[in-house]
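A.B. asks: First, the structure itself, so that you have it in front of you.
Laboratory data are not the source of any read-out in this text; all were calculated from the coordinates shown. Note that this is a predicted model, so its numbers are computed, not measured. No Cβ is skipped: glycine too gets one built from the backbone with ideal geometry, and neighbour counts run over all protein chains shown.
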Amino acid sequence: NGLRVLEGLAASGLRSVRFALEVPGLRSITANDFSAKAAALIARNAQHNGVTHLLQASQRDASMLMYEMRGKKDRLLCVTCTDMAVMAGNSGETCYSKYGSVSIKAKYCHEMALRIILHSLDQRAGVYQRYIHPLLCVSVDFYIRVFVRVHTGQAMVKNSASKQVLVYNCVGCGSFHFQRLGKRTTQGTHIKYSAATGPPVGAECEHCGHRHQLGGPIWGEALHDVSFVQKVLSAVSGNPSRFGTARRIEGMLSMVTEELEDVPLYYTVDNLSSTVHCSTPPLLQFRSALLHAGHRVSLSHACKNALKTDAPPRVLWDVMRCWEKSNPVKRDRLSESSPAHHILSTEPILQACFDVREDANPQSRRRHLTRFQENPEPFWGPKARANAGGGGISSDLEDRRKQGQNKRKNQITDATQLKSFPCKRFRKGKCTHGEKCCYSHDLQQTDKME
């Protein structure tokens, strides 16, 4: 009979309009918003795009509307969250009040945000004797989006506690450990539930001697259903002209299928190197070292230089110790209380091999798929601050911006080219080179640059 779609917080209804125009086989779409102006805008957008036969505008309380449209059959729940600052660790207390979980400011914050949302959904579903099954959860640009199947079953709800974990994060070296909230033991056909034992760490980090932060609870199970993702990937690859962002969808879904399902969170190679103050090893060499040691490793769609692995933190630091021996740091400059001093003072137990393995480079990377957002235009990014008077960008600011573009790529090799730049010391009356100065002493040019 076709799918029925409910968008509870539709605002202008543009997403519902896209559903009506791009998703075949829909039975009906209800775009709801509590604002009267928004509901009127939804109706106007539906009429403008010629989808009034599918899309119906609604001005209701979203909670009541969803409650009235509930059913006994399993449903697909799609949730988008844009308050990344809260879930990324800037306000742990606010995150707890909204989602029932304390966020941590760490390199893995984007994946942790996904797991916070899944924990919140599973916790609220359990109140109604329901549980969730994540199909696809992605962190994209400045927001996260999860697709979960909601099932009903009192017996399966009992597994919820064993699916949640607490995170012990070291504030010094960034190592993290997990503590399950519940324990589930299977004995034949009988399942026994009991309290978990812990904690998994001591009062201080065994690697650097610093204290731990406690975050969570978060979802500790798989983020994706690989069979579902592969079906979506096949549908997108079979008709690439259907979506304008098909290249990026294919690249991201390909990365999702390569991620380790049973390994929550990730490390970043540059953060590991920054901790011990050494040069960053190439990603393929670091991945190869872990594979040579007998551990599994994958990339993550949530971060460009992420490293998901089942290797314990001690193995990661042993790899970094071996890398530091061939790329030494000035240890006399390290503070005795720094994480780098504690880590490098210990001799590695594992002798890492950095020979590049073929399986260290995943297929999505070999095929050069578009895995992350590309800039839509040259020099794209944050622009200058808006003027207080509401005017546009001044011509002087535009000239300075153009002059600063590519200044690192197009290095000046001819000293005569420096005459186009004003002398800062001359402006302050401190230049002693006179006519021999390689910079310009033209006051008009200096005033213009100021």
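A.B. asks: What residue among Thr275, Ala340, Val297 has its Cα farthest toward the positive end of the dipole of segment 266-366, where the charges are +1 on Lys, Arg and -1 on Asp, Glu, each on the Cβ?
C.D. replies: It is Val297.
A.B. asks: Compare the Cα positions of Ile218, Gln56, Gly153 along the charge dipole of the chain (+1 at Cβ of Lys, Arg; -1 at Cβ of Asp, Glu; about the Cα centre) and return the one farthest towards the positive end.
C.D. replies: About the Cα centre, the residue reaching furthest to the positive side is Gln56.
A.B. asks: Moving on to the next point. Rank Ala222, Ala155, Ala311 by mean-square fluctuation in a GNM of the chain with C-alpha springs under 10 angstrom and give only the top-ranked residue.
C.D. replies: In this elastic network of the chain, the residue with the biggest mean-square fluctuation among Ala222, Ala155, Ala311 is Ala155.
A.B. asks: Further, regarding this structure: Give, as ranges by residue number, the residues of segment 312-336 whose backbone N falls under 17 Å from the point 7 Å along Cα→Cβ of Ile349.
C.D. replies: Answer for segment 312-336: 312-322.
A.B. asks: Name the residue farthest towards the positive end of the dipole of the chain from the options Tyr168, Gln179, Phe421, assuming +1 on Cβ of Lys and Arg, -1 on Cβ of Asp and Glu, about the Cα centre.
C.D. replies: Positive-end residue among those listed: Phe421.
A.B. asks: Of Lys105/Lys192; Lys402/Lys428; Lys231/Lys304; Lys105/Lys231; Lys105/Lys163, which pairs sit farther than 31 Å apart, going by alpha carbon to alpha carbon?
C.D. replies: Beyond 31 Å between Cα atoms: Lys105/Lys192; Lys105/Lys231.
A.B. asks: So, with +1 on the Cβ of K and R and -1 on the Cβ of D and E, and no other charges, what is the size of the charge dipole of segment 1-101 about its Cα centre, to the nearest 20 debye?
C.D. replies: Numbers: 12 positive and 8 negative charges, 74 e Å.
With Lys and Arg at +1 and Asp and Glu at -1, about 360 debye.
A.B. asks: Something else now. With the chain treated as a Gaussian network of Cα nodes joined by springs under 10 Å, which of His207, His301, His433 yields the largest mean-square fluctuation?
C.D. replies: Evaluated over the chain, the most mobile residue of the options is His433.
A.B. asks: Put a dot 7 Å past each Cα toward the Cβ at Gln129 and Asn1; how far apart are the dots in nm?
C.D. replies: About 2.4 nm separates the two model spin labels.
A.B. asks: Okay, moving on. Between Leu9 and Lys105, 0.36 nm times their residue separation minus their Cα-Cα distance comes to what?
C.D. replies: Gain in length upon complete extension: 31.7 nm.
A.B. asks: A follow-up question, please. Using the beta-carbon distance between Tyr143 and Gln47 and R0 = 30 Å, what value does 1/(1 + (r/R0)^6) give for FRET efficiency, to the nearest 0.05?
C.D. replies: It comes out at approximately 0.60.
A.B. asks: Just need the relative contact order of the chain here, percent rounded to a whole number, with Cα pairs under 8 Å and 6+ apart.
C.D. replies: It comes to 10 percent, rounded to a whole number.
A.B. asks: Among [x] 86, 65, 43; [y] 63, 60, 43; [z] 77, 51, 36, only one was calculated for this model; which label is it, if the read-out is Cα extents along the principal axes in Å?
C.D. replies: So the calculated entry is the one marked [x].
A.B. asks: Any chance you could run the full-extension gain for Leu260 through Glu204? It's 0.36 nm times the residue separation minus the Cα-Cα distance, nm to one decimal. Please list the in-between numbers first.
C.D. replies: Details: separation 56, 0.36 × 56 = 20.16 nm, distance 2.87 nm.
This chain segment gains 17.3 nm when fully extended.
A.B. asks: Now for a different question. So how strong a dipole does the chain carry about its Cα centre when Lys and Arg Cβ are +1 and Asp and Glu Cβ are -1, to the nearest 20 debye?
C.D. replies: Dipole about the Cα centre, nearest 20: 580 debye.
A.B. asks: Along the Cα→Cβ direction, 7 angstrom out, place labels at Asp359 and Thr416. What is the inter-label distance in nm?
C.D. replies: Result: 6.1 nm between the two label points.
A.B. asks: How much length, in nm to one decimal, is gained on full extension between Val171 and Leu21, taken as 0.36 nm per residue of separation minus their Cα-Cα distance?
C.D. replies: 49.1 nm
A.B. asks: Which of the peptides 62-68, 86-92, 108-114 is most tightly packed, and how do the rest follow, going by the mean number of other Cβ atoms within 10 Å of each residue? Could you put the intermediate results ahead of the total?
C.D. replies: Numbers: 62-68: 11.9, 86-92: 19.0, 108-114: 25.1.
Averaged packing, sorted descending, gives the order 108-114, 86-92, 62-68.
A.B. asks: Follow-up question, since we're still on this one. Quick one: if you stick a label point 7 Å off each Cα along the C-beta vector at Thr82 and Thr189, how many nm between them?
C.D. replies: 5.2
A.B. asks: Continuing with the same structure: Would you compute, from DSSP H runs of 4+ residues alone, the mean residue ellipticity of the chain at 222 nm, taking -39500 (n - 2.57) per run and dividing by the full residue count, rounded to the nearest 500?
C.D. replies: On the way: 16 runs with 149 residues, N = 450.
That calculation yields -9500 deg cm²/dmol at 222 nm.
A.B. asks: Given R₀ = 56 Å, what would the calculated FRET efficiency be for Ser326 paired with Ser63, taking r from the Cβ atoms and rounding to 0.05?
C.D. replies: 0.40
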